[in-house]
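Working notes, beginning with the structure itself.
Just so you know, all these numbers are worked out from the coordinates, no wet-lab data involved. Just so you know, these numbers come straight off a predicted model, no measurement behind them. Heads up, the Cβs are rebuilt from the backbone with ideal geometry, glycines too, and the neighbour counts pull from every protein chain shown.
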């Protein structure tokens, strides 16, 4: 190819007027962008802005309705992912495309053309992983790997094909801060070797640190290009959401009241053979504080949530005390009567029944709040309550009679948060309060949580987003490998320390999986 | 004398287990791709009548087996169109297929009810067949018995040693991931389903052409259902499918032996007849209790429709 001799000015990928329309929504409208050789190019946008759809079209998973794609100066129509890979395009997916019951080599082999010899491939994997500082053991089964390790497998799989363009879809959402730095080193090394990188993210600080150029998407359209190093996070945020970003006010700590949640040596063996066992968890949350629990996903968060909500019971009733009552043997409904509010991580299926209307979903957890009369449903009251959730939390929907699964993820999250907050629980447990919610709505939800705390509710927030926890928590603890670190006052700790703790290293006895393998 | 009884029990056990092995291994492939086809009973029935009718009309055993295979494949193709292309519910469609196959085979088979086929000579392997006790059961068998062993070997190799087998397992575990790295999920599921149907057809033809060379309405007698249960209780592992099939065959033969021996026992014959089904399921449940094995071998997407986004 003669065009490559143009050096760094040569365009590797050029998109012009890409449009993709789904039955209910325009995912991309007239999107144009170009990526140079060796460039790390950010695609920035909120959830639902159309970033993932755009990447899927480049990688051939879906096809555009209109527009043109040029690869190294030639117009191409990418038929399928195999075609994209043969051009030299590799993609690391946000939700990994790995197969849990297969081992690493088999997973890698599935993404390669032809029929590679597995033993030889294992050696290649070790070679590539050493070269880029991405240690993986080729023979291990994927289900036994941590999320960070899984991502390395995906990256190694791409690198084995010597890609000219690597697409990374929200790669850091599952990593500890230390692992993020490692990843950035790898990506910079790749870019220096001439590989172009398309980096999809909504995290502004990361884009500033890593990327040469950024293209901003909003509602499927390009709203601007910028050089991240010349912008501030605030200016990029306003490009991204179209207005100024509100900052939650964290009032001075309010006076702490009685303990609302106490965990006393809470242990539970997971029902799932590949789950995490909870071990001797000690924790106390008091009225008027927000306690944040950080951790890399898969370290026992889910098991802890099931134990707290009552979805799974524990043997020792005293190991979970809610508002002074030993509740370890109580079912979820009795815990709610006792003052517990709960926002699960999965909105559809746990937080709401997908095909039921918002009104009916409101009734599911609010039926103790005067919605029943002699066992009969007071339909006017629940409709009114559902409308209050919708209006009070800016839920965009067709009305309270629409089904839960007709709402976007972010709007449903707002509705569920609203439902729980309006019931003013004494103790609120929230998992991933702003997962998949756009930046503006996330700020709103965080503010609501802080207001609720100011009114005296005790709040436990489990989140994988450290920035979020540092924004709203009064105290912060870390869960790693089913064990809970001591909680620290926010003022006495920092992101680096919590990052180290996320590897399980708050005392010497703990295993240190993530950092050790990286060292 | 005693050793000849043992030898003939062993012989009969292997023959009785053979149709189950063929059908269950076919279903195992279909299920590994994520498709649950409960229509095995119907596909076997159609295979049985097609096999019998074609053998009878042409005088050729092998055209009969081929015909049975084609009938099973056609039935499963019908199933695949409904569940894979039209996104029908797999459980309901499979049940309907079973009812359709059993009924249709009875209808087609009406004119053949009093006919019989000539008995087919076994294939003796020289020298080996003369070994005492195990010689006859292992080396003087019908061709389809040898076929079932070859099928077992081929499927183990295919699933765990070949790339297409790896792709098949991947599709069954996560169709969306397989689609996103570029495998044609629907096409692979079609092929796996049709393979399962073809094997069910051969299994049916074995019953009506080799095992009892005649046609009787309802002669499949629940073997299709047992084959499906075998696959599940064997946690989708070919070797356990084989063990389960022979266990079923063994208990079946043993209880017939007891019933026919004229021994003075006060057990109702209905109970004895149900023993093979009970014993097989109980043993397989016991050996498959380990949750880890189940999770590592079960196709996660089994029975769930998948529609790739275009």
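Per q in 0.13, 0.21, 0.22 1/Å, what log10 I(q)/I(0) does a Debye calculation on the alpha-carbon atoms of the range A:79-194 return?
Values returned for q = 0.13, 0.21, 0.22 Å⁻¹ are -0.45, -1.29, -1.43.
Normalise the Cα radius of gyration of the range A:308-384 by 2.2 N^0.38 Å (N = residues in it) and let me know the number.
1.23
Taking the Cα atoms of the range A:156-305, what is the range of coordinates along each of the three principal axes, in descending order and whole Å?
In descending order, the Cα extents are 55, 42, 26 Å.
Please arrange A:210, B:74, B:278 by how many other C-beta atoms lie within 10 Å of their C-beta, fewest to most.
Placing the least packed residue first, the sequence is B:278, B:74, A:210.
Let me test this: with uniform point scatterers at the alpha carbons of chain B, what is the Debye-based log₁₀ I(q)/I(0) at q = 0.14 1/Å?
Scattering profile of chain B, log10 relative to I(0): -1.07.
Would you order B:82, B:209 from fewest to most other beta-carbon atoms within 10 Å of each residue's own beta-carbon?
B:82, B:209
Classify the range A:245-393 from the C-alpha gyration tensor, please: rounded if a/c falls under 1.5, else prolate or oblate depending on whether a/b exceeds b/c.
prolate
If you find the alpha carbon centre of the range B:123-164 and of the range A:43-66, how far apart are they in angstrom?
Centre-to-centre (Cα) distance: 53 Å.
Give me the percent relative contact order of chain B, please, defined on Cα pairs under 8 angstrom at least 6 residues apart. Could the numbers behind the result be given before it?
Working: 559 pairs, mean separation 114.2, N = 310.
Reported as a whole number, the value is 37 percent.
Can you tell me what percent of all Cα-Cα pairs in the range A:259-518 are more than 30 Å apart?
Roughly 27 percent, rounded to a whole number.
Counting residues in the range A:3-241 as N, plug N into 2.2 N^0.38 Å and put the Cα Rg over that result.
Normalised Rg, Cα atoms only: 0.99.
Give, in whole angstrom and from largest to smallest, the semi-axes √(5λ) of the equivalent ellipsoid of the protein assembly as shown, with λ running over the eigenvalues of the Cα gyration tensor.
Ellipsoid semi-axes (Å, largest first): 55, 35, 26.
Report Rg/Rh for the range A:111-166, rounded to two decimals, where Rg is the Cα radius of gyration and Rh the Kirkwood radius.
Details: Rg = 11.0 Å, Rh = 11.7 Å.
We get a ratio of 0.94 for the range A:111-166.
Given 10 Å bins starting at zero, what is the percent of C-alpha pairs of the range A:396-443 in each, up to the one with the largest pair distance?
Cα pair-distance distribution for the range A:396-443, in percent: 24, 51, 24, 0.
Kindly put A:505, A:240 in sequence by how many other C-beta atoms sit within 10 Å of each C-beta, fewest to most.
In increasing order of surrounding Cβ atoms, one gets A:505, A:240.
What number results when the radius of gyration of the range B:217-310, computed over Cα atoms, is divided by 2.2 N^0.38 Å?
So the range B:217-310 has a normalised radius of gyration of 1.40.
Using alpha carbons only, how many degrees (0 to 90, rounded to 10) separate the axis of helix B:2-32 from the longest principal axis of chain B?
So the helix axis and the longest Cα principal axis differ by about 10 degrees.
Is it possible to state the helix-based mean residue ellipticity at 222 nm for chain A, with each DSSP H run of 4+ residues giving -39500 (n - 2.57), the sum divided by total residues, to the nearest 500 deg cm²/dmol? What is it?
-9500 deg cm²/dmol
Rounded to the nearest 500, what is the 222 nm mean residue ellipticity of chain B from helices alone, with -39500 (n - 2.57) per DSSP H run of 4+ residues and division by all residues?
-23000 deg cm²/dmol
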